[in-house]
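Below: the structure, in structure tokens.
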There are 2 protein chains.
Amino acid sequence: MKASQFFISTLKEAPADAEVVSHQLMTRAGMIKKLGAGIYSYMPLGLRVVRKIEAIVREEMNRAGAVELLMPVVQPAEFWQETGRWEAMGPELMRVKDRHDRDFIIQPTSEEVVTDIARQELRSYKQLPKNFYHIQTKFRDERRPRFGVMRSREFIMKDAYSFDRDMAAAKASYQVMAQAYRAIFDRFGLRYRAVAADSGAIGGDLSEEFQVIAATGEDAIVYSPDGDYAANMEKAEALAPAAPRKPASAPMTKTPTPGKATCAEVAELLQVPLNTTVKSLVLATDQVNERGEVVKSQVWLLLLRGDHDMNEIKVGKVPGLDAGFRFATVAEIVDHFGTKPGYLGPIGLKKPVKIVADREVAVMSDWVCGANEEDFHITGVNWGRDLPEADAVADLRNVVEGDLSPDGKGALAIERGIEVGHVFYLGTKYSKPMNATFLDETGKPQPMEMGCYGIGITRLPAAAIEQNHDERGIIWPDAIAPFTVVICPIGMDRSAEVKAAAEKLHDELLGAGVDVLLDDRGERPGAMFADWELIGVPHRVVISDRGLKEGQLEYQHRRDSAATKVPAAGVFEFIQGRLAP
Amino acid sequence: MKASQFFISTLKEAPADAEVVSHQLMTRAGMIKKLGAGIYSYMPLGLRVVRKIEAIVREEMNRAGAVELLMPVVQPAEFWQETGRWEAMGPELMRVKDRHDRDFIIQPTSEEVVTDIARQELRSYKQLPKNFYHIQTKFRDERRPRFGVMRSREFIMKDAYSFDRDMAAAKASYQVMAQAYRAIFDRFGLRYRAVAADSGAIGGDLSEEFQVIAATGEDAIVYSPDGDYAANMEKAEALAPAAPRKPASAPMTKTPTPGKATCAEVAELLQVPLNTTVKSLVLATDQVNERGEVVKSQVWLLLLRGDHDMNEIKVGKVPGLDAGFRFATVAEIVDHFGTKPGYLGPIGLKKPVKIVADREVAVMSDWVCGANEEDFHITGVNWGRDLPEADAVADLRNVVEGDLSPDGKGALAIERGIEVGHVFYLGTKYSKPMNATFLDETGKPQPMEMGCYGIGITRLPAAAIEQNHDERGIIWPDAIAPFTVVICPIGMDRSAEVKAAAEKLHDELLGAGVDVLLDDRGERPGAMFADWELIGVPHRVVISDRGLKEGQLEYQHRRDSAATKVPAAGVFEFIQGRLAP
């Protein structure tokens, strides 16, 4: 490809609304162009990256036995009504009416449609397992679209759906996909982790996220540097401390803490470590009658160490809280604790509440908590002596760096990631309400067991850039670079030798299947180099008259700090040696 | 590819709503699946055809210097408001509101968005010409979607847009595209015609449709078998008759024609040829004041031969009618003619009307028309003698088979076609309202001259089938067949020789880049052959134990009436010899 037959348009400045580096660089490099909030055109350079990602995904999906089809963007509401998602999904589901006033949606995902296909097409156990996928435009009407194509409203996703005869077969299909995803992400050439994720009520452990590692990532990834353990923050387990509770050593003392309503403020005032304080979180659960009216409410007190954060997913698994909970109202809190939030604690309650202690809090002694009286806390609190043991002890918190790894191999580390893929066992969540059954060997209809497997095709370029960039611009891995090699001839219009050498190398590389661009725009060297460093093509060859006189070209990888002189005669082989295998 | 790793699902019966053969066969062959009115999923076989079509289009567009990008499906209304199409387009424009109650559309085409990109990106004459295209999902909320993917609501289209500095350059860009389209349609392997089409007010002759020839096509294509002339019915010119008007030979006579309100009925009653009758069509034009109120109306009488049909496009070009016209109301007709429609004519008017005669009518003598009196017609009518010459003579009608070709080469023939492509010169229709200008050599802003070029990607498979099918099913041209070759082994599960021969041939063809499918489903021969004849794979090889014992395989092209025995040793070369080049 020659630049004159392509379209390159770089910008010195990033747009004002570009908060993250990938959005800034994609815009500046001319890869995307904003059309509206969360809606982007993929300009020619950006589309090349998208297509390379699609091609890798397609190859590996096909290799794993999945079959490609294409389901529509606009889908009738009736399918979404069958599964209840028409009502359950909020305004992020883009609803639209046609000229006959019938309801449709612009698809954010295709579980309903693929299940409708399966219930028509897959009638016998002999047709299972089957995995259908498509690569299609989707729309999610995000409340606050931002970060360019990282969190856009319109995006392209690969979504695959497996259909199996039973859970064991579904687990096998899940594992095939989990392996295919590793092959896909390996080929992208990005640093990533497959991390265990919460799978909600169904599926046990069959949920993994594929996270591209990046300091700017929105998700916290927990892993064991000494082992294989990796999970997202929602899922990662905080083990119970190995050491038993120490005996009480301090008397329980009520202490004035005027205006100090947080653990951090209290610890600072009292000059004690934050990890000796305990924070009180008050939740409530409601009992509802058949008319949907609340007939009885239960107030819960959750106790976490002052330096720890509550993990809502884990709290939602505590027996009694697992059918849904809410934060208590101020009226409920005053009614049970006799005071407003900020000075709450488990001692001196007005009415009984259920107390759940985090595993860490359950082994603390001599701790600090609110006195259930405004402007007062209590120090030297001890389980058993000052209050009964908690009603329940559970893992309620997010892990922190240094916690023991659940696999017993050293301490946990935390890094940031960007979720770009997800494999998930669905069970019969969609097949049951949509009556997607097959006939088993005995001729009996059985609901199909499903799994779903997504990759955010248009989010990947942004994630790749968040991971791979420097102050000059993007640094693409070979596999998904818009071009693998760029040839920069200097003075091509003045020198027939430069022109001939550039075109010869271009043709040789192209003939060898290398995705090469010859920059024949006639830009000055400084502007030309700056463009390609911004765009991030990994391999650059500079051809100049002076170099040719010495029989040499200059090669520089985008990560190299300086160029390497290469004999002109051997440059083709040299470049081939530098390309990713 | 092996069938067991793919998805094949054929049906004996077509769905009740499948009116045309392509819809019937695509559904029966398992290529598409209806999700809602005018909304289809492309099943794996159908998607393969779509992807092959896309690949050919993409290659030829790139070869012609166009640059691919990807514009969004969901587009903010503001761009459509800039050009006035937000108001001008009817309910076929699918409108949607987001969570913030802002207006969007699901794109039916992308002139607005590409012009917005051009006005930002193309600032200098040095950047022109430029041609951007994308292959994207579109939506048109048809009042009556039907014929499967031939007239669906959601569809995939390739649309390209050229930007040029002036009309001469725009015409050159148009010609490049017109040539690229010929290359594309040649490669599809379909019989097609590029026909001149009406270009509205702008562009002169720079509008061509690419029509796939099919007896079931909705469009009439007019062409000269002896020359190069080809146009669609809207555009095809009916020349003035070469022979002059004959002198009057009959007296003008009022004749009772009770209840005979059409030319055909009158001709039958009077026992005269239909082509001696003249039909009266009454139109009106309105003069409007600055407040949009009609201040004055003019009634027009158009005279066409009884066996001819009015051509609205041509009528809209008659001076005086070219700013818009409507059919006259019954009140206007009664007011001017003294009677209701059915017995109208140019003689004995109550009030003056403008009379426009079709070229053919202008040279008629001794003709029949209504008497402007219920249940009466007049025979023996002659221009000059019985009424003054018409105010204007013009080409008002559709051509008919046998009319003289406008290129002077013989008589016109008519065949049916399906429009699958259109190249069109736009001028400044979009660039002017959207202020898409570039700076010329003198630094002066000039509006860009545009062209647009569409191909109905998902309509093409249907058009191909309308042209190429028989009573057993589809007959694909090699270039866009879902698979080029199918290998049908008989008794593969029982015979190791059959299995080995089938797999060897499969691997050889695959290795040579041939798109081959090995049917390893274990179907019985009859069902297997019926499936592949329905699906329409052009080349079939049958491998059987009996044949192998004789050292032979059987080859049959989908158009062959019988199989050919081929020595097993030379089958690979034999098949290669039969593939389209």
>> Quick check: net charge around residue A:303, other residues with Cβ under 10 Å of its Cβ, Lys/Arg +1 and Asp/Glu -1?
In response: 0
> Over the range B:165-261, what is the mean sequence separation of C-alpha contacts under 8 Å (at least six apart), divided by residue count, expressed as relative contact order in percent?
Replying inline: 20 percent
>> Between residue A:144 and residue B:510, how high is the FRET efficiency from 1/(1 + (r/R0)^6) when r is the Cβ-Cβ distance and R₀ = 51 Å? Nearest 0.05.
In response: 0.55
> Name the trypsin sites (Lys or Arg not before Pro) in the range A:80-146 that are in a loop by DSSP and that have at most 16 other C-beta atoms within 10 Å, would you?
Replying inline: A:99, A:102, A:123, A:143
> Over 29 Å between Cα atoms, which of A:235/B:33; A:409/A:429; B:33/B:504; A:126/A:171; A:235/A:429 qualify?
Replying inline: A:235/B:33; A:409/A:429; B:33/B:504
> How much length, in nm to one decimal, is gained on full extension between residue A:19 and residue A:262, taken as 0.36 nm per residue of separation minus their Cα-Cα distance?
Replying inline: 84.4 nm
> Considering amide H positions built from the backbone, and no H for Pro or chain starts, which residues 5 or more places from residue A:404, or on another chain, come under 5 Å of its amide H?
Replying inline: A:239, A:412
> Relative contact order for the range B:483-578: what is it in percent, counting Cα pairs under 8 Å that are at least 6 residues apart?
Replying inline: 30 percent
> lysines within cross-link reach of residue B:350: Cα-Cα under 24 Å, excluding same-chain residues under 8 positions apart?
Replying inline: B:254, B:260, B:279, B:296, B:340
> Closest approach to the B-A rotation axis by any Cβ of B: residue and distance in angstrom?
Replying inline: B:96, 2
> How much length is gained if the chain between residue A:191 and residue A:123 is pulled fully straight, taking 0.36 nm per residue apart and subtracting their Cα-Cα distance, in nm to one decimal?
Replying inline: 20.3 nm
> At residue A:545, with labels set 7 Å past Cα in the Cβ direction, how many nm apart are the copies from this one, shortest first?
Replying inline: 7.9
>> If you average the C-alpha positions of the range A:1-56 and of the range B:470-500 separately, how far apart do those two centres end up, in angstrom?
In response: 44 Å
> What are the residues whose amide H is under 5 Å from the amide H of residue B:377, where those residues sit 5 or more places off or on another chain and H is modelled from the backbone?
Replying inline: B:255, B:257, B:371
>> Straight-line reach from residue B:52: which aspartates and glutamates fall under 15 Å, measuring Cα to Cα and dropping same-chain residues less than 8 apart?
In response: A:68, B:60, B:186, B:478, B:515
> From the Cα gyration tensor of the range B:483-578, with a ≥ b ≥ c the square roots of its eigenvalues, which class applies: rounded if a/c is under 1.5, or else prolate if a/b is larger than b/c, or else oblate?
Replying inline: rounded
> How large is ³J(HN,Hα), in whole Hz, for each residue of the range A:467-473 in order, when computed from phi with the Karplus curve 6.51 cos²θ - 1.76 cosθ + 1.60 and θ = phi - 60°, using x for Gly and Pro?
Replying inline: 7, 10, 7, 9, 5, 8, x
>> Please state the shape class of the range A:489-543: rounded when a/c is under 1.5, otherwise prolate if a/b exceeds b/c and oblate if not, all from the C-alpha gyration tensor.
In response: oblate
> Kirkwood Rh, Cα Rg: Rg to Rh for the protein assembly as shown?
Replying inline: 1.05
> If you keep only loop residues by DSSP, which GluC sites (Glu not before Pro) in the range A:330-412 have at most 15 other Cβ atoms within 10 Å of their Cβ?
Replying inline: A:374, A:389, A:401
> Gain in length, residue A:441 to residue A:416, computed as 0.36 nm per residue apart minus the alpha-carbon separation, to one decimal in nm?
Replying inline: 4.2 nm
>> Based on alpha-carbon centroids, what's the gap between the range B:414-456 and the range B:279-313 in Å, whole number please?
In response: 31 Å
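No lab work stands behind these numbers, since they all come straight from the coordinates. As the structure is a prediction and not an experimental result, all values here were calculated from the model. With ideal geometry, Cβ positions are generated from the backbone for all residues, glycine too; neighbour counts draw on all protein chains shown.
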